[in-house]
Amino acid sequence: MPVTISITSISSFSPLGDTQPSIWAKYLSGKPLLRQIPAKGGSVWAGALPEKLLNDVRELKSGTPQYNSLDNSVLFAILAARRALLQSGWEADDIFGINIGSSRGATDLFEKHHSHFLETGKAALQASPSTTLGNISSWVAQDLKSVGPDISHSITCSTALHAVLNGVAWLRSGMANKFLVGGSEAPLTPFTISQMQAMKIYSSLKEEYACRAMDLDKKASTMVLGEGAAVACIEAGYNAKALAVIEGVGYATEVISHSVSLSSEADCMQKSMRMALGNTPLDEVDAIVMHAPGTVKGDSSEYNAITKIFGDKLPLLTTNKWQIGHTFGASGMLSLEMALLMLQNDTFIPSPFFSQKQDRQLKKILINAVGFGGNAVSLLIAK
């Protein structure tokens with residue numbers, strides 16, 4: 001029997017807020033949290049942080065001088081990790097591992113340092129250390145005074161759930177008893193937005209519901225970028241105070257024909273979901289939090305993958321990207337947080353573009369993530 005994995009806490013820092021009551025209230029509101037931000041040639045919709053959280057970032061930088069040279073992707077992770085550790089009940093002298101990833105890492109700082117280099121022909125002193133991907137977990141470890149292993153990685157948009165996979169592997173191997181896992185992303189920079197626009201996947205809609213994630217009838221892609229971080233504390237064994245337990249993990253990579261392609265029935269997602277489900281009867285899965293990035297191909301491929309497994313008896317399907325945007329490497333953990341809140345409150349949060357009503361108690365939820373390169377991760381969690 002695999003070792004039981006308990007999720008003892010989760011904390012996030014996103015357009016939804018940074019406390020569980022605030023986040024849940026925003027989900028219940030059914031309103032998008034996107035706003036217009038400046039971009040090259042005009043403005044675009046984005047899931048940008050509210051001013052209160054931006055002030056928290058400024059205070060963190062001003063209160064700790066060495067944090068002045070850090071990218072927001074690192075600072076978001078520090079703030080989320082502090083709260084997750086506080087809520088977990090872990091003792092100050094506990095040894096725990098840290099695995100927090102990011103798709104893009106220090107995007108804003110890299111762009112600024114590169115611009116400085118092009119202008120002056122010289123790199124700034126902090127250019128290299130402040131833009132390495134390892135900054136995220138290593139600085140979180142420094143901030144929490146952790147002495148366990150710390151790992152940073154990038155596996156595009158499935159990064160955060162890959163962090164969970166890695167943490168589960170360490171716990172089940174016996175090499176660690178506790179792990180802090182998550183993802184952080186600060187991609188709202190001119191170059192990053194321009195990259196998404198060049199791929200013809202960024203939303204050009206003018207209305208408030210600019211991201212139509214899970215709208216299977218849309219004719220054009222409507223992905224919108226968001227920013228934030230989410231971190232969870234997981235531990236080996238059953239904890240009576242756990243928010244939920246991880247019953248299954250799944251992963252797969254499919255052969256792709258293009259760097260950002262996905263097969264029409266998302267073969268990798270079918271395999272990752274089947275692995276996560278194991279021997280679980282399909283009718284026991286009450287809901288699925290989809291990756292659903294708001295692109296035509298991404299949404300339809302994942303939906304097709306789900307119907308290949310569940311047929312016409314679909315679980316409740318939802319996503320949060322229409323509300324907060326696509327947070328790249330942090331998105332899978334924010335989806336996990338959404339699933340945990342729905343379990344705790346026994347309340348399904350629907351997508352405004354996919355009509356389903358809750359007709360059952362929520363006991364088990366599947367969470368999906370998939371990224372460029374055809375890699376997918378699925379988690380099955382239960383009360």
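The values are calculated or read from the model by the stated rules, or taken from the named source; none is laboratory data. Predicted model, so just to flag it, every value in this text is computed and none were measured. For neighbour counting, all protein chains shown are included, and Cβ atoms are generated from backbone atoms with ideal geometry for every residue, glycine included. When the accessible area is computed, the model is the full protein with side chains, heavy atoms only, and any ligands, DNA or RNA have been set aside. Shrake-Rupley method; radii C 1.70, N 1.55, O 1.52, S 1.80 Å.
List of remarks:
- Peptides 32-40, 46-54, 119-127, 287-295 ranked from most to least packed, by the mean per-residue count of other Cβ atoms within 10 Å: 287-295, 46-54, 32-40, 119-127.
- Simple spin-label estimate for ASP283 and ALA169 in nanometres, 7 Å along Cα-Cβ: 3.7
- Only helices enter the 222 nm calculation for the chain: every DSSP H run of n ≥ 4 contributes -39,500 (n - 2.57), and dividing by all residues gives -11000 deg cm²/dmol, rounded to 500.
- Working note: Cα atoms of region 209-351, range along each principal axis, descending, whole Å: 47, 32, 28.
- Tail weight of P(r) past 20 Å, computed on alpha-carbon pairs of region 1-85, percent: 49
- Peptide packing: for 88-94, 333-339, the average count of neighbouring Cβ atoms within 10 Å per residue gives the ranking 333-339, 88-94, highest mean first.
- Value of D in µm² per second that Stokes-Einstein yields for the chain, Kirkwood Rh from Cα pairs, at 20 °C (1.002 mPa s): 104
- Convex hull volume per residue, computed on the Cα atoms of region 307-376, equals 110 Å³.
- Inter-probe distance in nm under a simple model that places probes 7 Å from Cα toward Cβ, at THR64 and VAL255: 4.7
- To the nearest 10, the accessible area of SER301 is 0 Å² with a 1.4 Å probe.
- Extension gain, ALA92-SER204: 0.36 nm per intervening residue step, less the Cα-Cα distance, totals 35.5 nm.
- Tail weight of P(r) past 15 Å, computed on alpha-carbon pairs of region 262-329, percent: 54
- Largest-first ellipsoid semi-axes for region 71-162, taking √(5λ) over the Cα gyration tensor eigenvalues, angstrom: 29, 14, 10
- In region 151-241, the chymotrypsin sites (Phe, Trp or Tyr not before Pro) that fall in loop regions by DSSP, at most 14 other Cβ within 10 Å: TYR238
- Taking all Cα-Cα distances within region 194-290, those exceeding 16 Å account for 74%.
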